[in-house]
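The values are calculated or read from the model by the stated rules, or taken from the named source; none is laboratory data. This one's a predicted model, so the numbers in the text were calculated from it and none came from an experiment. Every residue, glycine as well, gets a Cβ built from its backbone with ideal geometry; the counts of neighbours run over all protein chains shown.
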Amino acid sequence: MDFKNLLAERTSVMGASAIREILKVVSQPGMVSLAGGIPAPQSFPMSIIKGLTEKVIKKYSSGAFQYDLTEGFMPLQEQLSILLSQRGIKAEPDEINISSGSQGVLDAVAKILISKGDKIAVEAPTYLGAISAFNPYQPKYIRMDTDDYGLIPKSLDKILLEHEIKFIYLVPTFQNPTGRTIPMNRREQIAQIIIKHKALLVEDDPYSALRYKGEYVPSIKTLAPLNVVYVSTLSKIFAPGLRLGFFTAPELIRKWLVLVKQGTDLHTSTFNQALAAEYLEGGYLKQHLPTILDLYKPKQEAMLNAINRYFPKEFKCSPSEGGMFLWVEGPKGVDMEKIYFKALEKKVAFVPGRFFYTNSNEGIETMRLNYTMSDEKTIDNAIKTLGDVMQEEQYR
């Protein structure tokens, strides 16, 4: 039986994630993957998981396995309120909601805010997962200009003057895919602009804890609290498989996001939330985060050094002080997808940058590189291989 005629119209704009498809390829034996955005297993606090589990069962008994509030498990909300206060964000426990990963928040935001044809302002490039979450609701993307320091505020101001924008989507700190961070002076300008235009900003902040050098930069939420939906996750600083995200938002938006979650999954896993509550309350994050940073910092340095050593001088890497990615742009005329397929033949994978643009004609000469999953020697060898492929392709 052919069921195609039963599919909703929105499925016409839905497709498999390009990165998820690439990850199927890179699972081949012997393949070195610089493609995924996957935390290293060594970053997980495995030594304390058994103890945390025992504490949860002793403390909450069957309650850890029961249905719970859609808004979140109260002990975790309390701990996240403390965590956010350390980031300069004032939010009472009942103003923080728990989600099944931050990806769940992006889909819920799209569900309550986007009608077909609505305009959304996004960076160029932007996070592919956000595009995947927004696409089924059929928005029109308005491209915001960026440089090595992220969003250019004048571009945002111009767009808000010329278009009726439903919301702005930004990853201001160690952006996926570029690793860039918007500096404080720009954040202040962005805050002033969204307040002036009475605009709504969705600030996606999964990586800010992963800073290897430089000074902490406060979130835009701290500068314009009434105009920002702040979204974050525990995936990079606890364990991604637990699927724990969280957000704080203006009251009306928060109310509707809760209603959406009631119809989607009722609530996020009570047991996983209880584990996270004990992880935070026991001070384990403070103890464990330096281990994660010590793991990733030399990997990033190894990749930066290898890019400088092996890539042709015409290829430029964006500056980054943390996160999980580096972004490389080649000269005009370079087709990074061709280099990708050539690199696969030599057992090295990355993500061609064009997948992170809402305009398919952009980003042909760009690439995203991940360094969290490989050791320094492997990174050096893989980047050398890519450099050799680039030389071959460039001077063919």
Test result for Ala274, touching a helix residue (DSSP H, G or I) at 6+ places or on another chain (Cβ under 8 Å) and under 30 Å from Phe65 (Cβ atoms): yes
Residues located in region 249-271, provided they are more than 28 Å from Tyr169 (Cα to Cα) and of a type outside the set (Val, Ile, Thr): Phe271
Any hit, region 322-334, residues being part of a helix (DSSP H, G or I), among the aliphatic types (A, V, I, L, M) and either more than 30 Å from Asn227 (Cα to Cα) or free of Cβ contacts under 8 Å to residues at least 12 places away in the same chain (or both): no
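Every residue, every condition in (1) touching a Leu at 6+ places or on another chain (Cβ under 6 Å); (2) crowded, with 16+ Cβ neighbours inside 10 Å, yes or no:
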{"position": "Arg186", "(1), (2)": "no, yes"}
{"position": "His197", "(1), (2)": "yes, yes"}
{"position": "Ser208", "(1), (2)": "no, yes"}
{"position": "Gly214", "(1), (2)": "no, no"}
{"position": "Thr222", "(1), (2)": "no, yes"}
{"position": "Leu226", "(1), (2)": "no, no"}
{"position": "Val229", "(1), (2)": "no, yes"}
{"position": "Leu234", "(1), (2)": "yes, yes"}
{"position": "Phe247", "(1), (2)": "no, yes"}
Those residues of region 160-176 which are hydrophobic (A, V, I, L, M, F, W, C), over 15 Å from Pro218 (Cα atoms) and not in a strand (DSSP E or B), in sequence order: Leu160, Leu161
Failed item in (1) over 29 Å from Ile82 (Cβ atoms); (2) in contact (Cβ under 8 Å) with a residue 24 or more places away in the chain, with Ile195 passing the rest: (1)
Conditions (1) closer than 22 Å to Asp205 by Cα; (2) among the polar types (S, T, N, Q); (3) free of Cβ contacts under 8 Å to residues at least 24 places away in the same chain; number of the one not met by Asn308: (1)
For Val25: the one exception among (1) surrounded by 17 or more Cβ atoms within 10 Å (Cβ to Cβ); (2) of a type in the set (Val, Ile, Thr); (3) at pLDDT below 85: (1)
Residues within region 50-87 that are assigned to a helix (DSSP H, G or I) and more than 25 Å from the chain's Cα centre (by Cα), tallied: 18
Qualifying residue in region 52-66 (condition: within 29 Å of Met324 (Cα to Cα), modelled with pLDDT of 95 or more and either of a type outside the set (Lys, Arg) or surrounded by fewer than 16 Cβ atoms within 10 Å (Cβ to Cβ) (or both)): yes
Residues being within 18 Å of Leu83 (Cβ to Cβ) and crowded, with 21+ Cβ neighbours inside 10 Å - total across region 281-315: 1
The listed residue being touching a residue at least 40 places away in the same chain (Cβ under 8 Å) and out of contact with any His (no Cβ under 7 Å at 6 or more places or on another chain), out of Leu266, Leu226: Leu266
Single match in Ile193, Ile159, Ile114, Ile182 (criterion: modelled with pLDDT of 95 or more, aliphatic (A, V, I, L, M), surrounded by fewer than 24 Cβ atoms within 10 Å (Cβ to Cβ) and within 20 Å of the chain's Cα centre (by Cα)): Ile182
For Asn359: the one exception among (1) part of a loop (DSSP other than H, G, I, E, B); (2) out of contact with any strand residue (DSSP E or B) (no Cβ under 8 Å at 6 or more places or on another chain); (3) not hydroxyl-bearing (Ser, Thr, Tyr): (2)
Residue within region 88-105 that is touching a residue at least 60 places away in the same chain (Cβ under 8 Å), more than 27 Å from Ile292 (Cβ to Cβ) and part of a helix (DSSP H, G or I) present: yes
One residue from Thr248, Thr264 being at pLDDT below 95 and closer than 23 Å to Met74 by Cα: Thr264
